[in-house]
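**Student:** This is the structure I want to talk about, given as structure tokens.
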Amino acid sequence: MHKSSDQARRGFWLKHLHRWHWISSAFCLVGMLLFAATGLTLNNASHIEAKPSVHKQRGQLPPALLPLLKSAPQGDKGGLPSPIAGWLAEGMAVEVAGANGEWSADEVYVSLPRAGGDAWLTVDRASGEINYELTDRGWVSYFNDLHKGRHTGKAWSWFIDLFAVTALVFCITGLFLLHLHAGNRPATWPLVGLGLVLPLLLAILFIH
């Protein structure tokens, strides 16, 4: 009777652990491949040649919009007025909505960092002259920034958090499955121990 109860309990845990293990693995499979691949590119960044491309653009703000640049926002920090941001989006295909600017006596400087590159824009407060520069560092840099969550926005940040939780579920359910199957697989815990001890030794001996 006791043995039958133990088998039922084992069957219950095996069923649910296998279910959550395959669900979590299916969800985070592509993300895991992406993060593993970009881990390699990040770790070997010095061996990967990058050729950034720089795009420069000049423009002139319409005279009707110049009065909007006369008064700086409180604390000299704040985005460009909506009419100017709208004109930049339509006239120069430059999106600055939601980006803060640095207002000096002569110009407004807007930093526009992005995954895989950088950009900035300046607007002369007196003449309305616009200078825009975009640097694109290529697809490898883009995916590396996705890995780091650098300048990727809130939606990607939420995805990374969700992916991390799912990966934890995958690893934890895998650990419990190892425990349930370890009796028939003697090499299980030595391999788990090696996976723990090896990075620990490397950190102690070679990272200073």
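**Student:** Taking the conditions exactly as written (at pLDDT 95 or above, surrounded by 13 or more Cβ atoms within 10 Å (Cβ to Cβ) and of a type in the set (S, T, N, Q)), does Asn100 satisfy them or not?
**Tutor:** Numbers: at pLDDT 95 or above: no; surrounded by 13 or more Cβ atoms within 10 Å (Cβ to Cβ): yes; of a type in the set (S, T, N, Q): yes.
Criteria not met by Asn100.
**Student:** Checking the conditions here, which among Ala72, Ala64, Ala119 is touching a strand residue (DSSP E or B) at 6+ places or on another chain (Cβ under 6 Å), not in a strand (DSSP E or B) and not assigned by TED's automatic domain parsing to the domain that holds Ala164? Full working, then the answer.
**Tutor:** Details: Ala64 fails: touching a strand residue (DSSP E or B) at 6+ places or on another chain (Cβ under 6 Å); Ala119 fails: not in a strand (DSSP E or B).
Going through Ala72, Ala64, Ala119 in turn, the sole match is Ala72.
**Student:** Would you call Leu198 farther than 25 Å from His21 by Cα, under 29 Å from the mean Cα position of the chain (by Cα) and part of a helix (DSSP H, G or I)? Break it down stepwise before answering.
**Tutor:** Working: farther than 25 Å from His21 by Cα: yes; under 29 Å from the mean Cα position of the chain (by Cα): yes; part of a helix (DSSP H, G or I): yes.
Judged against the criteria, Leu198 is a match.
**Student:** Please verify whether Glu95 is of a type in the set (Asp, Glu) and not in a strand (DSSP E or B), treating the condition exactly as stated.
**Tutor:** On the way: of a type in the set (Asp, Glu): yes; not in a strand (DSSP E or B): yes.
So Glu95 passes the test.
**Student:** Right, another one. Looking at the stretch 153-161, is at least one residue in contact with a helix residue (DSSP H, G or I) (Cβ under 7 Å, 6 or more places away or on another chain), of a type in the set (Gly, Ala, Ser) and either within 30 Å of Leu65 (Cβ to Cβ) or in a helix (DSSP H, G or I) (or both)?
**Tutor:** no
**Student:** On the given criteria, is Leu40 over 15 Å from the mean Cα position of the chain (by Cα), over 27 Å from Ser157 (Cα atoms) and aliphatic (A, V, I, L, M)? Step through it out loud before you land on a result.
**Tutor:** Values: over 15 Å from the mean Cα position of the chain (by Cα): yes; over 27 Å from Ser157 (Cα atoms): no; aliphatic (A, V, I, L, M): yes.
Answer is no for this residue.
**Student:** Given the conditions (1) crowded, with 16+ Cβ neighbours inside 10 Å; (2) modelled with pLDDT of 95 or more, which single one is not true for Asn131?
**Tutor:** That leaves (1) as the condition not met.
**Student:** Among Arg19, Arg10, which is the only one that is in a helix (DSSP H, G or I), exposed (fewer than 12 other Cβ atoms within 10 Å of the Cβ) and in contact (Cβ under 8 Å) with a residue 60 or more places away in the chain? Step through it out loud before you land on a result.
**Tutor:** Values: Arg19 fails: in contact (Cβ under 8 Å) with a residue 60 or more places away in the chain.
Being in a helix (DSSP H, G or I), exposed (fewer than 12 other Cβ atoms within 10 Å of the Cβ) and in contact (Cβ under 8 Å) with a residue 60 or more places away in the chain holds for just one of Arg19, Arg10, which is Arg10.
**Student:** Follow-up question, since we're still on this one. For a quick check of your reading of the model, give me the residue pairs whose first member lies in the stretch 69-88 and is surrounded by fewer than 15 Cβ atoms within 10 Å (Cβ to Cβ), whose second is assigned to a helix (DSSP H, G or I), with beta-carbon atoms closer than 6 Å and at least 6 apart or on different chains.
**Tutor:** Short answer, once both residue conditions are applied: Pro83/Leu65.
**Student:** Additional query: Restricting to the stretch 155-208, count the residues that are in contact (Cβ under 8 Å) with a residue 40 or more places away in the chain and among the hydroxyl-bearing types (Ser, Thr, Tyr).
**Tutor:** Total satisfying the criteria: 2.
The values are calculated or read from the model by the stated rules, or taken from the named source; none is laboratory data. Just so we're clear, the structure is a prediction, and the values are computed from it rather than from any experiment. So basically every Cβ, Gly included, is an ideal-geometry build from the backbone, and we count neighbours across all protein chains shown.
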